[in-house]
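Some notes on the structure that comes next.
The values are calculated or read from the model by the stated rules, or taken from the named source; none is laboratory data. Source: prediction; values computed, not measured. For neighbour counting, all protein chains shown are included, and Cβ atoms are generated from backbone atoms with ideal geometry for every residue, glycine included.
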Amino acid sequence: MVTPSGLVERTVTSVANSVIDAVRWVAVGAIVALLAGTGSASVLALLDLATGIREAHPWLVWAMPFAGASTGWAYARFGGRATQGNTAILAEVSDPTERLPLRMAPMVLVGTAIAHLTGASVGREGTAVQMAVPLADGLSRFGRWNKADRRVLLSAAIAGGFASVFGTPLAGMVFGLEVRRVGSIRYDALLACLIAAFGGDAVTDAWGVHHMTFVIGEVPGLGVWPAVGAAATGIASGLVAMSFVRLTHGLARRATAVVPSAPLRAAIGGVTVAVVIAVAGLDRHLGLSLALIDEAFHGLVSPWDFAIKLVLTAMCVATGFRGGEVTPIFAMGATLGNSLSAVLPLPAPLLAAMGFVATFAGASNAPLASIVVGIELFGASSAPYLAIACIVAYLSSGNTGMYPGQMVDQPKHERAS
């Protein structure tokens, strides 16, 4: 029988343990935020510099095969587990076994900068996350950390890296929780992800590095036919996401089987992309393609721009260029949405916004984070449209995903696609 005094003692102990645990994760989250925000500021500043140099010297596109070969050699020679990138990170989050190598951070930073210096169609979020996570994982060298604690630590680092590189702290928090496992979300890392995401974004801003802003204009009220248009955009975005993921993974498997040498594989990929860019005049599709994204929100783009960006990005990622896929996916989605304005009775900027986040939802298997990204970037008035498009895209993209290390707790469909 529990006495009143015993009940009070147990309550006080429970509250005290909760407070101690909260203080601990706030402190850890703050340290992770400093690491992630500083890392993202370095990434963004360095890539701006690399892009500026490349735009001033267009001939650098012909150095792409040398950039790919040198990066491939460095990773093959010194990378070890760092070669697996986000796959190793997500595998470690799912089942923490050993610390991630610290060299992952400087290697991915340099590799991404070299890729962007020559115009490779790759992103930057992979770099931000692959810098934040191994740096944060260094904290586990101090004190006693069990598997559950390390899982929280690594999730917070993912949240901080994502939030600070895109300027979307709330989405970063959700992404750190959602991307770990498809079909389920665990809230053990909620507080740490919150602190790391908002803190990381604040640190990046404090370094004087800022992000793109978007204005999509007036959003029409949601009715039956506008909702149908949003769903149609989601279907198109999901199919594009699935196509990108399957093409990238298929090319990677085929390229590895035919050309086992990583440096040679990247060199061949670089030559191919450089020739295509030069012959077809596709300068708008180089690197992050931020100008192409801006054009999708302020004008009309070619109906083939999304497909061109898709193929070029798949070729670069599959052959070993570093940087990630998310910003190129945003470019694919925005241009896809813009092109749909020819057949759907919705404003082109709104369609571009829906495609922007819905294609990411389909490729990442993180629909909630994608919705929140859209709300933070495009405003709350667009939330109903973004939600419809992201959820439909997630369901339409099949049981595929751009992160091979992502564990699947609950498939989207009973039959594998």
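All told, H285 falls short of being within 20 Å of I329 (Cα to Cα) and surrounded by fewer than 23 Cβ atoms within 10 Å (Cβ to Cβ). The sole residue among A274, A255 that is more than 28 Å from N365 (Cα to Cα) and either assigned to a helix (DSSP H, G or I) or without any contact (Cβ under 8 Å) to a residue 40 or more places away in the chain (or both) is A274.
On inspection, G183 qualifies as more than 14 Å from the chain's Cα centre (by Cα) and at positive phi.
Screening the candidates R10, R77, R54 for the property of being at pLDDT 95 or above and among the basic types (K, R) yields one hit, R54. Among the residues of region 122-162, those that are of a type in the set (V, I, T) and either within 18 Å of the chain's Cα centre (by Cα) or not in a helix (DSSP H, G or I) (or both) comprise V122, T127, V129, V133, I158.
Any residue at all in region 92-102 that's surrounded by 24 or more Cβ atoms within 10 Å (Cβ to Cβ), among the β-branched types (V, I, T) and farther than 30 Å from E55 by Cα? So far as region 92-102 goes, yes, one or more of its residues are surrounded by 24 or more Cβ atoms within 10 Å (Cβ to Cβ), among the β-branched types (V, I, T) and farther than 30 Å from E55 by Cα.
Filtering region 128-154 to residues that are crowded, with 20+ Cβ neighbours inside 10 Å and either among the β-branched types (V, I, T) or at positive phi (or both) leaves V129, V133, V152. Pairing each residue of region 298-312 that is in the same structural domain as V326 (by TED's automatic domain parsing) with any residue that is of a type in the set (S, T, Y) and modelled with pLDDT of 90 or more, provided the two are 6+ apart or on different chains, yields C-beta distances under 6 Å for V301/T335; P303/S339; D305/T335; F306/T335; L312/S121. For the criterion of being farther than 30 Å from I277 by Cα, in a helix (DSSP H, G or I) and of a type outside the set (D, E), L60 fails.
Only one entry in V215, V209 is surrounded by 15 or more Cβ atoms within 10 Å (Cβ to Cβ), of a type in the set (A, V, I, L, M) and not in a helix (DSSP H, G or I), namely V209. The C-beta contact set for region 208-220 (first residue closer than 21 Å to P345 by Cα, second residue of a type in the set (S, T, N, Q), distance under 6 angstrom, 6+ apart or interchain) comprises V219/S381; V219/S382.
Screening V228 on (1) part of a helix (DSSP H, G or I); (2) crowded, with 16+ Cβ neighbours inside 10 Å shows it passes everything except condition (2). Only one of V165, V240, V174 is buried (at least 24 other Cβ atoms within 10 Å of the Cβ), assigned by TED's automatic domain parsing to the domain that holds L386, in contact with a helix residue (DSSP H, G or I) (Cβ under 9 Å, 6 or more places away or on another chain) and within 25 Å of A128 (Cβ to Cβ); which? Going through V165, V240, V174 in turn, the sole match is V240.
Scanning region 277-298 for residues that are assigned to a helix (DSSP H, G or I), of a type in the set (G, A, S) and over 25 Å from the mean Cα position of the chain (by Cα) yields A278, A280.
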